[in-house]
1. List the residue pairs whose Cβ atoms are under 8 Å apart, where the first residue sits in the stretch A:15-26 and is outside any strand (DSSP E or B), the second is of a type in the set (Lys, Arg), and the two are 6 or more positions apart or on different chains.
2. Is it fair to say residue B:55 is surrounded by 15 or more Cβ atoms within 10 Å (Cβ to Cβ) and over 21 Å from residue B:110 (Cα atoms)?
3. Among the residues of the stretch A:65-78, is any among the hydrophobic types (A, V, I, L, M, F, W, C), within 14 Å of chain B (Cβ to nearest Cβ) and without any contact (Cβ under 8 Å) to a residue 40 or more places away in the chain?
4. Considering the stretch A:27-59 alone, what residues qualify as being facing chain B (nearest Cβ under 9 Å) and assigned to a strand (DSSP E or B)?
5. Within the group B:20, B:39, B:5, B:48, which residue is at negative phi, of a type in the set (Gly, Ala, Ser) and away from chain A (no Cβ under 14 Å)?
6. List the number of the failed condition for residue B:31; all other conditions in (1) within 14 Å of chain A (Cβ to nearest Cβ); (2) among the hydroxyl-bearing types (Ser, Thr, Tyr); (3) under 17 Å from residue A:41 (Cβ atoms) hold.
Amino acid sequence: GENVEQHPSTLSVQEGDSAVIKCTYSDSASNYFPWYKQELGKRPQLIIDIRSNVGEKKDQRIAVTLNKTAKHFSLHITETQPEDSAVYFCAAQNTGNQFYFGTGTSLTVIP
Amino acid sequence: DTAVSQTPKYLVTQMGNDKSIKCEQNLGHDTMYWYKQDSKKFLKIMFSYNNKELIINETVPNRFSPKSPDKAHLNLHINSLELGDSAVYFCASSRQLGFQPQHFGDGTRLSIL
């Protein structure tokens, strides 16, 4: 089955700095890679996603890059704000529709 | 207004009991899921249903039995609850299988005494 590894597990940045979270996956058949943000006590919410036929996608301060050859994808948050503090999960879905989440990154943005 | 709604929000019960969690989505989606999030925040898929049919059944004890009476509902029944079942259970839905973002409910926090 798929194995999704996520690093780092915790990340602290100063407000205004950038944050980068990285994930690797093992199943070369994986073709859809969403990122979810989960605030304390709340539900996970999709923030950005990318399909395997695209190398990069950007939405305002958030971007995701995908390297299919190396089987890794990354989340980039620029100009971080305190409200970006949350747990972020990457995920990978393969053609068998199996869905696997990474272990999560707890991001703290220090004002 | 809530797209994916779960009930109850909190469930406190004793070991050995049987309990159910209900989930409904009003998004017109074809696919629904159950996830378990443990105390370390790991999110693990348990089941996936597409148009009322079971698609994915991860390694979950058979004490857990999902039921989908129609494609807008996916309920989870748990028999003989154990201490290790304490977690937050999330229901989610997506428009269809594959390449689709999932919309999560607010979760049900299950605590076993």
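1. A:26/A:71
2. Yes; evaluated as a whole, the condition is true for this residue.
3. yes
4. Within the stretch A:27-59, A:31, A:32, A:34, A:36, A:38, A:45, A:46, A:49, A:51 meet the criteria.
5. When all the criteria are applied, what remains is B:20.
6. (3)
Table: residues versus (1) at pLDDT 95 or above; (2) part of a loop (DSSP other than H, G, I, E, B); (3) closer than 18 Å to residue B:42 by Cβ; (4) within 14 Å of chain A (Cβ to nearest Cβ).
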position	(1), (2), (3), (4)
B:74	yes, no, no, no
B:92	yes, no, yes, yes
B:106	yes, yes, no, yes
B:110	yes, no, yes, no
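The values are calculated or read from the model by the stated rules, or taken from the named source; none is laboratory data. Not measured: the values here are computed from a predicted model. Please note: Cβ atoms are built from the backbone with ideal geometry, for glycine as well, and neighbour counts cover all protein chains shown.
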